[in-house]
Structure formats: structure tokens, C-alpha cells
Amino acid sequence: MQAAIPVKNAAPAGGEVVLSARSVSAWYGPKLAIRDVSMDFKRNSITALMGPSGCGKTTFLRCLNRIHESALGTRASGEVLLDGADIYSRGADPIVTRRRIGMVFQRPNPFPTMSIINNVVAGPRYTGITRDPLELSEIAEQALRRAALFDEVKDKLKAPAASLSGGQQQRLCIARALAVKPEVLLMDEPTSALDPLSTLKIEELMQDLAVDFTVVIVTHNLQQAARVSQFAAFMLGDEDRVGALVEFAPTERIFTHPQDPRTEDYITGRLG
Amino acid sequence: MIAGARLEPGRRYRGLAGVLVTGFCSALAAGLLIVLLGYVIAQGWTAINPSFLTQLPRPVGVTGGGVANGIVGSVIIVGIATLMAMPIGILTGLYLAVYGRGFAAEFIRFLAEVLSGLPSIAIGLFAYTLFVQPFGHFSGFSAAFAFTVLMLPLMVRTSEEAIRGVPIAVREGALALGLPDYGGVLHVVLPAARPLIVTGLLLAIARVTGETAPLLFTAFGSQFWEANPGAPMAELSLQIFTYAISPYDDWHRQAWGGALLLIAAVLVLNIGARLALSRGSKRR
């Protein structure tokens, strides 16, 4: 059968696994949100998590850097191995984990009272990497260049972050995440609040970032998943709205030869 | 029926009556305030001159003199109260906003509500029992304590609302960078909430600046310069009270002058609060 959506990226050969989720389940209070999700993320790849609203893809993403548990009453179980070490093991520090696994959110969330440059260096400055102004401004320039924002803001680094456009704010948030030099970058529907042009820029940026980082992106936009990712996971909630992994494969295969009929229904538009 | 339907005549008149009644009441309220302000200004204006602002009260029968010691006393008492209420109020608000679920938080909120409804004279009595009786004399500090108790519920409420108003996404942004919980609160959430917290603080200060009842048996008043909060202290609103119920015309004039000063101070605080708010909203 033929998928309706063209796939640009050919699936690459298997690389080294950086991040590995094993039987991850997560709760909000007594409510189970995802059950037993297991997935491997390979170095320098982009993995897209797809699925209809409420399927738990964002919850799963938030378990990967232990930010899920920052809300009151939430809980997660299972293992997430980062370079082979379980970030959920007893004594593992979530703060250290979050420095190694950066995150970009659905809506641009620059720190409202800070200038552009102070947003970028907030991570290194307040996590004790350095407070030296010279070093910080070097880190800022590097991160802003990496996020393809430097040329647009180099003359107004001290301007409020809120003065930037939505797309620029999102790239600022990416720069801010990069400034703490993570290995993995989690992106939770990073373009869903942006216009098509800004979306395109962020997608190009994602491709470029995968050279240095491992990227996991949540998206409900199938075209986006097809455009940017090498691996794709399809998640679905059951009748109790408990999300589970249906299928995980190279993106090309998901879109051309889905193994599960539910995946096929979803990508051909019959579901969700 | 719907298109081109004519307004039912009775409803038009009822609507008109509603506008008239509510408009009249609004005009009445605004008019009362304007008359009051105008009267205080007219009465107090003549009393205000350099010696009124810089001199001590004169003995009975001697005209002239001023309320300088009362102004100093007010600033010291309100200042101490602010220094005590500010950290406790903001930190309590922070606790409620960030961790505020469950029984303990609900109980604190309930207490703050009850506290904000207590008559200030009852709080003065409490301060009297706690800080005047055991020491055997009145003091500026006991007044500052009473003011602290008056300011606290306001500070707690406004701080909690200010901190709650900072989007969760902003706090999570800080967490996602690997900032510890307190780091995110300190460097990101509190600065974002600051304009509203400052507004609340200024309004709380304005609230106690005009208080008199708890001072009657705490600060007590004084005819002399007194900068030591351990001793009885002059206070502007107390002086207004004493002067107003006296039989002397010169003192009546000075009471109006003091009232004008107090109103001006409260006005300045309120304008400051509005400025803090508008500057904050521009930055967001």
C-alpha cells in the first residue's frame, strides 16, 4: 500500500543508542496516563512521537527528562537509560539529568523579565557553570548562532526577550536549552504555536541540530514528522485514555509499510 | 419574528431606569469622595506651612508649632512594620502559590482571610497584651507589631496571586535548564511577579498609614522627638485624633492639616502602586 505523505528522509542505518526508555508508565494522581512505553533513541537522530491528542506523547516526553514529576501528585515508573545509566535509579539527581537532556516547550516561554542575552545564559549562570561575563557572552553567541538567531538579535542583545516575534522567541528558547550543552534535546510540539514560515525555520534548524544532538520531537503534524524525522513512534490512547506505544520504526517504514492497522488508519487520516 | 422585531416598550423603559439608577449611585459615590477630598484640602491647606512640617507641637494655648515628631514616628512605625510584614508575607504567598495544596495551605488561606477581617482595634488590644503590659510602658514597636499583623494578610494574598500569575511554563523552563526548584523561583518566578508584589506592598502600606485605633494603646503618642521604638511615640494619625477632640481652634486647624498630609501620603502610595503595575505589564 502507498502512504499519502511523501517521506523525505531515508531511514539511516542503526547508530549507537543514547537514550533508552524501558517500560515507562506515568500517572497524574491516581490516573494512569501512559503504560509500559519502551523506545530507543539513537545518537544524532531525530525521532518523532506522533499520535492523536491525549495519547500520552507529551507525558512520555516529559518522563524522559524527569520534568513530569515536577507537578504535584505526578509519578512515573520504569527505567530511562541515558548512556546506559538509569536516570530514575535511587539517588539519581533529576537536576543533573535535566542539564544533559534539554527541553523546548510547545509555546515559546522566554523568561519574561530578562533580556535576550540573559535568557540564553540563564542556564549556565544559575546552574553554576560560570558567572564570568566574558565566558557567558561567548556561550551566548555560540548558542544563538547554533539556534540560527544570532544575526537577527546581535544588535539588541539587551532588549527584552518579549520584544521578539513568536518564531524568534522559540529559537531563543532553543538557544537557551543549548547553552547548557545537553546531549539530548526534547521538543514538545515546538512549532504548533508558530506561523508556517517560522515553522519551516525551526524544522531546518532541527535537521541542523541533529548533527550534534539527539532530538526527540512530539508532533501531531504528520507532514512534519515525515519531513524531519528518521524514526517515528505512533502512540494511541485506549478507551480509558491510557496511552501506549503502537508502533515504532524508521519513519519511512511507518509511512510506507505500517505494521499495525491502527497506524495505517492514523496516517491515512481515518483515525484521530 | 426575530428580524425587525420591535423592542418591547416596557423593556426599553426598564433599561433606561437601570442606567439612570446605577448612574445616579455612581455619581453620588464619586461626588461624596470629591466633596470629602475638597473639604479636607480646603480646611487643611491653611495649616500647612514650613513650621507645621518641621516643628514640635506647642503646649496648650501657644499657637503655632507642628507635627514633625508625628511624621517621623509614622515613618518609623510603618517602616518597622513593613520590614517585618514584607518577608513573612511574600514567603507565605510563595509557599501558598508553589506548594499550596492540601489542608495546611487551605488553613493558612483561611487564617489570612479571618485576619484581614479582624477589627484593627482588636489587633491593637492583642499588641497591647503582648508588648505593652509585660514591659510596663507604651512603645512604637508594639504599634509596629499591630501594623504588621494588619499588613500580613494583604501581603500574603497579593503575593500568592502575583506568583500564581506567572505561567507554569516559565517555571518549567527554568527546571528544564537544570535549575533547582528554588533557583527557578528566585531567578525567574519572583522577578516576573515583582511588579504585582510591589503593588500589593504599597497598598498594604497605604492601608496601615491611615490606621489610628490600634495606636491608642500601643504607640500612645508623645509631645517630644522620639526616634526610639522602645518608647512611646508620636504618630500623625494619633495627633489628628488628639487635636480634633480638643477644644482649641488652632489645634482643629492642625488636625485638618494632618489629615491632608495623610491623604496625600496614601495618594502617593496608590499612584506608586499603579505605576509599578503599568511598568510591569509593559515588560511582559
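Find, among the trypsin sites (Lys or Arg not before Pro) in segment B:1-65, those assigned to loop by DSSP (not H, G, I, E, B) with at most 11 other beta-carbon atoms within 10 angstrom. Walk me through the numbers before you get to the answer.
Working: sites: B:R6, B:R11, B:R12, B:R14; in loops: B:R6.
For trypsin sites (Lys or Arg not before Pro) across segment B:1-65 that sit outside H, G, I, E and B with at most 11 neighbouring Cβ atoms in 10 Å, the list reads B:R6.
Counting partner chain Cβ atoms within 10 Å of every residue's Cβ in A:102-114, what's the average?
Working: counts 3, 5, 2, 5, 1, 2, 2, 10, 2, 12, 11, 14, 5.
Taking all residues of A:102-114 together, the mean is 6.
What is the calculated FRET efficiency for B:R274 to A:E183, with r their C-beta to C-beta distance and R₀ = 41 Å, to the nearest 0.05?
Numbers: r = 48 Å, r/R0 = 1.18.
Plugging the Cβ-Cβ distance into 1/(1 + (r/R0)^6) gives 0.25.
Which trypsin sites (Lys or Arg not before Pro) does segment A:22-99 hold that lie in a coil by DSSP with at most 11 other beta carbons within 10 Å? Provide the component values of the computation, followed by the final result.
Details: sites: A:R22, A:K31, A:R35, A:K42, A:R43, A:K57, A:R62, A:R66, A:R75, A:R90, A:R98, A:R99; in loops: A:R43, A:R66, A:R90.
Qualifying residues, ordered by number: A:R90.
Taking each residue of A:88-100 in turn, how many C-beta atoms of other protein chains fall within 10 Å of its C-beta, and what is the average? Provide the component values of the computation, followed by the final result.
On the way: counts 0, 0, 0, 0, 0, 2, 4, 7, 1, 1, 7, 4, 1.
Whole-number average of other-chain Cβ neighbours for A:88-100 is 2.
Mind checking which of A:A226, A:P196, A:I116 is farthest towards the positive end of chain A's charge dipole, using Cβ charges of +1 (Lys, Arg) and -1 (Asp, Glu) about the Cα centre?
A:I116
What 222 nm value per residue comes from the helices of chain A, counting each DSSP H run with n ≥ 4 as -39,500 (n - 2.57) and dividing by all residues, nearest 500 deg cm²/dmol? Could the numbers behind the result be given before it?
Working: 10 runs with 91 residues, N = 272.
Helices in chain A give a 222 nm mean residue ellipticity of -9500 deg cm²/dmol.
Given only helices, namely DSSP H runs of n ≥ 4 each adding -39500 (n - 2.57), what is the per-residue ellipticity at 222 nm of chain B, to the nearest 500 deg cm²/dmol? Intermediate values should be presented prior to the final figure.
Values: 11 runs with 200 residues, N = 284.
Calculated mean residue ellipticity at 222 nm is -24000 deg cm²/dmol.
What dipole magnitude, in Debye to the nearest 20, does segment B:51-283 give about its Cα centre under +1 on Lys/Arg Cβ and -1 on Asp/Glu Cβ? Show your work: numbers first, answer last.
Numbers: 13 positive and 11 negative charges, 130 e Å.
For segment B:51-283, the charge dipole is close to 620 debye.
Can you list the aspartates and glutamates whose alpha carbon is less than 18 Å from that of A:K156, not counting same-chain residues fewer than 8 positions off?
Of all the aspartates and glutamates, those that pass the test against A:K156 - Cα under 18 Å, at least 8 places apart if same chain - are A:E138, A:E141.
Please give the average number of partner chain Cβ atoms lying within 10 Å of the Cβ of each residue in A:176-182, rounded to a whole number. It would help to have the intermediate numbers written out before the result.
Values: counts 4, 3, 0, 1, 4, 0, 3.
Across the residues of A:176-182, the mean count of other-chain Cβ atoms within 10 Å is 2.
Would you mind ranking B:D250, A:D260 by Cβ crowding within 10 Å, fewest neighbours first? The partial results should precede the final answer.
Working: B:D250 17, A:D260 14.
Arranged by neighbour count, lowest to highest, B:D250, A:D260 become A:D260, B:D250.
Under 8 Å for C-alpha pairs, at least 6 residues apart: give me the relative contact order for chain A, rounded to a whole percent. Could the numbers behind the result be given before it?
Numbers: 562 pairs, mean separation 80.8, N = 272.
After rounding, I find 30 percent.
Identify the chymotrypsin sites (Phe, Trp or Tyr not before Pro) of segment A:155-254 meeting these criteria: DSSP loop state and at most 12 other C-beta atoms within 10 Å of the C-beta.
Qualifying residues, ordered by number: none.
What order do you get for B:235-245, B:166-176 when each peptide is scored by the mean count of other beta carbon atoms within 10 Å, highest first?
Per-residue Cβ counts within 10 Å, averaged per peptide and sorted highest first, yield B:235-245, B:166-176.
State which entries of A:K57/A:K201; A:K181/A:K201; A:K57/A:K158; A:K154/A:K181 exceed 30 angstrom in Cα-Cα distance in the structure shown.
Working: A:K57/A:K201 23 Å; A:K181/A:K201 21 Å; A:K57/A:K158 36 Å; A:K154/A:K181 21 Å.
Pairs exceeding 30 Å: A:K57/A:K158.
So how strong a dipole does the protein assembly as shown carry about its Cα centre when Lys and Arg Cβ are +1 and Asp and Glu Cβ are -1, to the nearest 20 debye?
Details: 49 positive and 43 negative charges, 194 e Å.
It comes to approximately 940 debye.
Which value, in debye to the nearest 20, gives the size of the charge dipole of segment A:12-85 about its Cα centre, when Lys and Arg are +1 and Asp and Glu are -1 at the Cβ? Don't skip to the answer; put the middle values down first.
Values: 9 positive and 6 negative charges, 49 e Å.
Charge dipole of segment A:12-85: 240 debye, to the nearest 20.
Cα centroids of segment B:28-71 and segment A:100-157: how far apart, whole angstrom?
The two parts, judged by their Cα centres, are 55 Å apart.
Only the coordinates and a few stated rules stand behind these numbers; no lab work does. Model, not experiment: these values are computed from the prediction. Counting neighbours? That spans all protein chains shown, and the Cβs are built from the backbone with ideal geometry, glycine included.
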